[in-house]
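The values are calculated or read from the model by the stated rules, or taken from the named source; none is laboratory data. Everything quoted here is computed from the prediction, not taken from an experiment. Glycine also receives a Cβ, built like all others from the backbone with ideal geometry; neighbour counts cover every protein chain displayed. Surface accessibility is based on the protein's heavy atoms, side chains included, excluding ligands, DNA and RNA. Shrake-Rupley method; radii C 1.70, N 1.55, O 1.52, S 1.80 Å.
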Amino acid sequence: MIDFSTSSARRRQRLRLVRDRLATLLISACGIGVVGAVLAIGVFLAVEVVPLFTSAKIEQAPAADQDMRDISDLQRTWLRPTSTGAFVARTEKRFADLGAGPLAVGETMLWRADGRDLEVFSLAEGEPRLLGRVTAVEEGRRITALASLVGGRALIVGDDGGGVRRWVMGPDSVLPIPTPAYRQAGQAPIRVLMPVPDRRLFLALNDAGELALYQALAGLLWTGAAPAGEPLGFDAEARLLWSDTTGIERLVVDAEHAEVNWDTLWRPQHYQGHAESQHRWQASVTDSADEPKYGLAPLAWGTLKAAAYALLFAIPLALGAAIHSSCFMSRQLRHRLKPTIEMMEAMPGVVIGFVAGLVLAPYIERHLAGAFALLLVLPMGLLVGGWAWSLLSPHLRQRLPLGWAGLWLMPWLAVLIALSLWLSPALERVFFGGDLHLWLEQVLGLDYVSRNAMIVGLAMGFAVIPTIYALTEDALSGVPASLGEGALALGATRWQTLWKVLLPAASPGIFSAVMIGAGRAVGETMILLMATGNSAMMTLSPLEDMRSMAANIAIELPEAALGGTHYRLLMLSALLLFVFTFCVNTLAEVVRGRLKRRYRRLEGRS
């Protein structure tokens with residue numbers, strides 16, 4: 001019997017207790033650190049995103065002495081009508097012979113109001129040349145104010161009923177196209193429309209003294225009472241100076257991210273240069289006249305599309321492999337195969353993306369008919385192989401046991417692949433006139449892009465398979481053996497035992513595996529970055545391009561100005577991915593907890 005009463009023994013016991021406590025504290029600190037880091041990332045992203053949705057406002061203050069001295073340098077961005085004492089732009093004098101009525105001038109276009117109608121002139125030849133007329137307001141109203149936004153490709157029309165509407169130039173028409181009317185700030189006639197220099201913002205002043213701030217896409221942002229007097233113009237810092245009986249007031253427009261709201265992010269918008277509303281993402285523009293497009297819907301669509309095609313490829317293979325290895329494969333082969341598949345998870349995504357973009361995509365483009373033939377030949381060939389195995393004599397079936405089917409089926413799969421590729425040129429000539437790409441375009445209207453969703457599905461599915469396989473195999477292996485043995489003892493076949501007993505018992509774990517695999521697919525970056533052309537498109541076709549949120553962040557974050565709208569929208573994309581992944585993993589963990597409790601109950605009953 002060991003005597004623990006000696007001083008050395010007590011000292012060793014105290015040291016062991018101290019080490020145990022230190023280890024416990026270290027492990028707890030690491031866990032808390034991980035949770036804290038995850039929460040810190042979420043908080044950082046949320047802090048960066050909040051300014052996007054800050055309400056716009058206009059601040060009013062007395063003008064400084066310097067503003068009064070520089071009053072002759074003010075920029076007046078609107079033309080007629082003018083009142084006594086206001087500055088008359090030289091542009092108005094140039095087009096004085098066009099008659100009375102509101103005017104607006106763009107880079108190569110001029111618009112004049114005539115009652116309800118809008119006359120469109122071309123300035124390409126120097127002098128105005130009438131191109132046509134279009135009715136711009138509803139019956140019973142007349143146009144009272146016009147203004148051209150930056151770039152001269154969008155026109156704002158105000159009427160005597162307080163209505164404000166944007167008209168944009170289409171791709172093939174010389175006449176402007178109307179967009180949905182903005183929400184009205186009042187019912188009084190619009191007196192003047194004042195575009196903010198170099199921004200797609202404008203102020204609308206009506207006869208009731210109400211002032212409203214609009215953004216070209218977001219619409220009405222702010223309303224309030226206008227100062228007494230008349231607007232003078234904008235200074236070099238885009239502040240509006242206003243003259244009244246007591247002096248000059250200065251109006252500062254505070255709307256840094258005015259073009260962003262939930263409608264502009266997720267609903268189709270009518271951008272200038274397009275004939276109809278659409279979802280677009282084009283944050284970087286080379287010309288100030290071009291309109292940035294901040295629609296996140298194409299990026300979200302590309303993310304979900306890539307994940308869907310990856311899971312469509314990965315789930316059947318991963319679940320089938322897990323079921324076979326857990327329920328049918330020999331233990332000796334399983335112990336070698338499972339670690340091999342799990343090691344695939346350690347393969348870097350950049351390597352898979354490199355192979356997919358530079359090897360797989362060109363090869364499938366050259367052998368597209370063979371790739372489609374494989375989709376039909378492989379499933380049918382496997383069914384034929386299983387049927388042929390069932391016809392073998394008992395002696396041959398013992399030499400080819402079902403538990404080793406993963407090995408002896410490999411030559412048969414190689415034969416099927418070679419047969420598909422060998423027959424594909426003949427099938428392409430017979431059924432598709434010798435050119436499958438042309439047939440897809442002419443008959444189905446599908447454009448084939450070399451780096452498309454099908455390539456992404458194959459590559460990203462290859463990356464997701466190990467995750468789903470490992471978790472599903474563990475879930476099936478964790479089902480108490482007594483359940484399967486009881487079903488077999490009652491006369492059920494192995495197939496009935498699998499479908500009626502084992503899969504329902506392991507369904508929470510299988511669901512958890514699929515959800516974690518979906519989270520991995522949604523957050524994947526490098527494979528999507530290298531295996532696609534990264535065009536933000538919204539199509540269901542697996543043969544066309546796409547762009548995901550993660551890939552978009554990797555592409556555009558280096559060129560985004562810190563604190564700008566573009567930068568904060570990229571942070572919003574990262575926050576959405578963070579929330580999605582967090583929710584998916586949390587749901588998977590909750591389901592896994594239910595699985596453990598279910599197993600404990602089943603083990604207690606057995």
Exactly one of Thr539, Thr525 is open to solvent by 30 Å² or more (accessible area, probe 1.4 Å) and either charged (D, E, K, R) or without any contact (Cβ under 8 Å) to a residue 24 or more places away in the chain (or both), and that one is Thr539
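Look at Ile455 and say whether it is assigned to a helix (DSSP H, G or I), among the β-branched types (Val, Ile, Thr), under 30 Å from Ser535 (Cβ atoms) and open to solvent by less than 10 Å² (accessible area, probe 1.4 Å). If you could, list the steps in order and put the result at the bottom.
Numbers: assigned to a helix (DSSP H, G or I): yes; among the β-branched types (Val, Ile, Thr): yes; under 30 Å from Ser535 (Cβ atoms): yes; open to solvent by less than 10 Å² (accessible area, probe 1.4 Å): yes.
When the stated conditions are applied, Ile455 passes them.
How about region 464-481: which of its residues are in a helix (DSSP H, G or I) and modelled with pLDDT under 80?
Ala481, the sole residue that qualifies.
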Please indicate, with yes or no, whether at least one residue in region 548-562 is part of a helix (DSSP H, G or I), open to solvent by 20 Å² or more (accessible area, probe 1.4 Å) and modelled with pLDDT under 85.
no
Taking region 325-338, which residues are in a helix (DSSP H, G or I) and in contact with a Leu (Cβ under 9 Å, 6 or more places away or on another chain)?
Ser325, Ser326, Cys327, Leu333
List pairs: first residue in region 161-180 and free of Cβ contacts under 8 Å to residues at least 40 places away in the same chain, second residue assigned to a strand (DSSP E or B) anywhere in the structure, Cβ distance under 7 angstrom, at least six positions apart or on different chains.
Arg165/Val157; Arg165/Pro178
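Within region 167-201, count every residue that is assigned to a strand (DSSP E or B) and not aromatic (Phe, Trp, Tyr). Even if it seems obvious, please write down each step before you answer.
Pass one, region 167-201, residues assigned to a strand (DSSP E or B): 167-169, 176-178, 190-195, 201.
Subsequent filtering for residues that are not aromatic (Phe, Trp, Tyr) retains 168-169, 176-178, 190-195, 201.
Residues in region 167-201 being assigned to a strand (DSSP E or B) and not aromatic (Phe, Trp, Tyr): 12 in total.
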Of the candidates Gly357, Gly445, the one satisfying the condition of being within 24 Å of Ala308 (Cβ to Cβ) and in contact with a Lys or Arg (Cβ under 7 Å, 6 or more places away or on another chain) is Gly357
Out of region 386-401, which residues are part of a loop (DSSP other than H, G, I, E, B) and either charged (D, E, K, R) or surrounded by 10 or more Cβ atoms within 10 Å (Cβ to Cβ) (or both)?
Leu392, Leu400, Pro401
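Rundown of residues vs (1) closer than 30 Å to Tyr214 by Cα; (2) modelled with pLDDT of 90 or more, yes/no style:
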position	(1), (2)
Val18	no, no
Leu26	no, yes
Cys30	no, yes
Ala40	no, yes
Glu48	yes, yes
Pro51	yes, yes
Among the residues of region 486-504, write down those that are open to solvent by 60 Å² or more (accessible area, probe 1.4 Å) and part of a helix (DSSP H, G or I).
Leu488, Ala489, Arg494, Trp495, Gln496, Trp499, Lys500
Check off (1) under 28 Å from Gln278 (Cβ atoms); (2) part of a helix (DSSP H, G or I); (3) open to solvent by 30 Å² or more (accessible area, probe 1.4 Å) for Gly533 and give me the number that stays unchecked.
(2)
So which residues in region 202-240 are under 18 Å from Ile156 (Cα atoms), outside any strand (DSSP E or B) and without any contact (Cβ under 8 Å) to a residue 40 or more places away in the chain?
Asp207
Filtering region 402-448 down to residues that are within 20 Å of Ser390 (Cα to Cα) and within 39 Å of the chain's Cα centre (by Cα), which residue is least open to solvent (accessible area, probe 1.4 Å)?
Leu416
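Within region 427-478, how many residues are aliphatic (A, V, I, L, M) and over 25 Å from Ala550 (Cβ atoms)? Don't jump to the end; show me each part of the working.
Of region 427-478, the ones aliphatic (A, V, I, L, M) are 427, 430, 436, 438, 440, 443-444, 446, 449, 453-456, 458-460, 463-465, 468, 470-471, 475-476.
Imposing the further condition that a residue be over 25 Å from Ala550 (Cβ atoms) reduces the set to 427, 430, 436, 438, 440, 443-444, 446, 475-476.
Final tally of qualifying residues: 10.
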Subset tally (residues that are outside any helix (DSSP H, G or I) and in contact (Cβ under 8 Å) with a residue 12 or more places away in the chain) for region 402-435
1
Flagged pairs (Cβ under 9 angstrom, 6 or more apart or on separate chains; first in region 13-32, free of Cβ contacts under 8 Å to residues at least 24 places away in the same chain; second open to solvent by 90 Å² or more (accessible area, probe 1.4 Å) and among the hydrophobic types (A, V, I, L, M, F, W, C)) are Gln13/Phe4
Exactly one condition in (1) assigned to a strand (DSSP E or B); (2) polar (S, T, N, Q); (3) open to solvent by less than 20 Å² (accessible area, probe 1.4 Å) is false for Ser243; which is it?
(3)
If we scan region 300-321, do we find a residue that is basic (Lys, Arg) and either in a helix (DSSP H, G or I) or open to solvent by less than 20 Å² (accessible area, probe 1.4 Å) (or both)?
yes
Restricting attention to region 387-395, does a residue exist that is at pLDDT 85 or above and of a type in the set (Gly, Ala, Ser)?
no
Identify, please: which residue in region 99-114 is open to solvent by 40 Å² or more (accessible area, probe 1.4 Å) and either among the hydrophobic types (A, V, I, L, M, F, W, C) or at pLDDT 85 or above (or both) and is, among those, farthest from Asp160 (Cα to Cα)?
Val105
Hey, does region 274-293 have a residue that's among the acidic types (Asp, Glu), over 23 Å from Leu570 (Cα atoms) and either assigned to a loop (DSSP other than H, G, I, E, B) or open to solvent by 60 Å² or more (accessible area, probe 1.4 Å) (or both)?
yes
Qualifying positions in region 236-254 - on the phi > 0 side of the Ramachandran plot and over 37 Å from the mean Cα position of the chain (by Cα):
Gly247
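If you scan region 364-385, which residues turn out to be loosely packed, with under 13 Cβ neighbours inside 10 Å and of a type outside the set (Lys, Arg)?
Within region 364-385, the first condition is being loosely packed, with under 13 Cβ neighbours inside 10 Å, and the residues that meet it are 366, 375-376, 379-380, 383.
Selection gives Leu375, Leu376, Pro379, Met380, Leu383.
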Candidates Ala212, Ala208, Ala216 - the one that is crowded, with 19+ Cβ neighbours inside 10 Å, farther than 14 Å from Ala147 by Cα and at pLDDT 85 or above
Ala212
